[in-house]
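Notes for the one structure printed next.
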Amino acid sequence: SHAEAAARAAALGVPVKGSLLVPLVVEMTGPGRESAGDLVAEAARAAGLRAITGDLSGARVGALLSLLAAGDRENGLLRALTAFAQQVSRVAGGSFQLIGVGPAVRGLAELPRSYREAEYVASAARSDQGAKPFYQMRDIQLHGLLHALGDDSRLHEYVERMLGPILAHDSRHGTSLVAALRAYLADGARNKSAAADAAFLSRQVFYRRLAAIERVLSVDLGSARDCTSLHVAILALDVLKSGPASS
């Protein structure tokens with residue numbers, strides 16, 4: 001029961017009543033199942049936070065933070081998450097990947113839904129490669145939406161329709177048209193010279209690959225509409241490769 005769970009949490013030094021409860025999913029690479037949980041627990045203690053931690057699959061750890069509800073809730077939560085992420089990074093070093101954060105709730109009854117959101121956020125943020133110390137739903141934006149649609153056949157069909165011809169071309173001819181398209185669309189500026197440098201290609205070679213992409217896909221890479229559609233397809237392709245949100 002919720003009452004029994006609250007009593008057990010309080011006995012562990014993590015009060016539920018009158019506190020904000022913040023579920024987290026911490027993803028790491030490298031440490032085994034047991035050491036991952038130990039590192040997260042150590043990080044919570046070092047940050048001065050009251051937390052219960054538990055191992056999930058692989059090197060993923062679930063954590064429940066209990067924060068005092070008084071004061072400025074938003075700033076208090078931000079400070080706690082920042083301190084926790086800093087300590088995880090310190091104790092785990094290069095093994096630390098990212099933290100997915102669910103919405104803060106005031107009771108155990110609301111936790112399952114909030115934990116599902118934390119898992120979803122962590123999964124959707126993987127492609128960001130740890131650019132931020134922690135991620136909330138508002139941080140994952142378009143990629144998060146695509147991740148939520150990962151099991152929808154229409155997303156698969158969209159990727160096949162937009163990118164299928166160059167995926168097949170790369171497979172048949174050993175070319176790298178998808179990589180060239182990704183480099184061209186990466187920063188949104190669609191600067192051919194900068195994209196060629198980022199791809200470590202001469203401008204002449206890169207321009208030829210862009211021309212091949214236009215020919216194979218029948219698109220205009222000077223068109224904002226075509227480029228937006230292709231960029232969404234690239235992001236969706238990454239989502240489909242990473243697996244479903246529940247993974």
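So here's what we get for this one:
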read-out: Those residues of region 175-197 which are over 13 Å from Arg209 (Cβ atoms), open to solvent by 60 Å² or more (accessible area, probe 1.4 Å) and not polar (S, T, N, Q), in sequence order; value: Ala186, Asp187, Ala189, Arg190, Asp197
read-out: Enumeration of residues in region 224-241 that are of a type outside the set (A, V, I, L, M) and surrounded by 19 or more Cβ atoms within 10 Å (Cβ to Cβ); value: His231
read-out: Helices (runs of 4 or more DSSP H) (entirely within region 113-210) containing at least 1 residues that are farther than 23 Å from Gly62 by Cα, aliphatic (A, V, I, L, M) and touching a Cys at 6+ places or on another chain (Cβ under 8 Å); value: 177-185
read-out: Of the criteria (1) open to solvent by 50 Å² or more (accessible area, probe 1.4 Å); (2) within 23 Å of Glu119 (Cα to Cα); (3) within 20 Å of the chain's Cα centre (by Cα), which one Ser153 fails; value: (3)
read-out: Evaluation of Lys132 against (1) modelled with pLDDT under 90; (2) open to solvent by 70 Å² or more (accessible area, probe 1.4 Å); (3) out of contact with any Asp or Glu (no Cβ under 7 Å at 6 or more places or on another chain); (4) not aromatic (Phe, Trp, Tyr) (one fails), failing number; value: (3)
read-out: Residue selected from region 106-126 under the condition open to solvent by 10 Å² or more (accessible area, probe 1.4 Å) and among the aliphatic types (A, V, I, L, M), by the criterion farthest from Leu81 (Cα to Cα); value: Ala109
read-out: Pair list, Cβ under 7 Å, 6 or more apart: region 208-232 residue under 27 Å from His147 (Cβ atoms) and of a type in the set (Asp, Glu), other residue open to solvent by 60 Å² or more (accessible area, probe 1.4 Å) and assigned to a loop (DSSP other than H, G, I, E, B); value: Asp226/Asp220
read-out: Some residue of region 160-168 being open to solvent by less than 50 Å² (accessible area, probe 1.4 Å), farther than 29 Å from Ser218 by Cα, hydrophobic (A, V, I, L, M, F, W, C) and in contact with a helix residue (DSSP H, G or I) (Cβ under 9 Å, 6 or more places away or on another chain); value: no
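To keep it simple, each residue is scored yes or no on (1) in contact with a Leu (Cβ under 8 Å, 6 or more places away or on another chain); (2) modelled with pLDDT under 90.
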site: Phe84; (1), (2): yes, no
site: Ser89; (1), (2): no, no
site: Ala92; (1), (2): yes, yes
site: Gly100; (1), (2): yes, no
site: Ala104; (1), (2): yes, no
site: Leu108; (1), (2): yes, yes
site: Glu117; (1), (2): no, yes
site: Tyr120; (1), (2): no, yes
site: Ala125; (1), (2): yes, yes
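The values are calculated or read from the model by the stated rules, or taken from the named source; none is laboratory data. As the structure is a computational prediction, the values presented were derived from the model and not from experiment. Positions of Cβ are backbone-derived with ideal geometry, glycine not excepted, and every protein chain shown enters the neighbour counts. Please note that ligands, DNA and RNA were not included when accessible areas were found on the heavy atoms of the full protein model with its side chains. Shrake-Rupley method; radii C 1.70, N 1.55, O 1.52, S 1.80 Å.
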